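This report refers to the structure that appears directly beneath it.
The values are calculated or read from the model by the stated rules, or taken from the named source; none is laboratory data. What you are looking at is a predicted structure, and each value in this text was computed from that prediction instead of being measured. Cβ: placed from backbone, ideal geometry, glycine included. Neighbour counts: every protein chain shown.
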Amino acid sequence: MDLINSYRKWRNYRRTVSELSALSNRELDDLGITRGEIRFVAARKR
């Protein structure tokens, strides 16, 4: 079970990074996120 949960968390992290990376700098700015913070924000979401 732990392996499945770890995989789901990793997949969710990758999806979040991908979706945030697809946003423009303006859209990220509206969210209060810089491009350099995307991975940190995605990891925090876990």
Among the residues of segment 1-33 satisfying the criterion of being part of a loop (DSSP other than H, G, I, E, B) and surrounded by fewer than 11 Cβ atoms within 10 Å (Cβ to Cβ), which is modelled with the lowest pLDDT? Met1
Looking only at segment 10-29, filter to residues that are among the hydroxyl-bearing types (Ser, Thr, Tyr) and touching a residue at least 12 places away in the same chain (Cβ under 8 Å); which one of those is farthest from Val41 (Cα to Cα)? Ser21
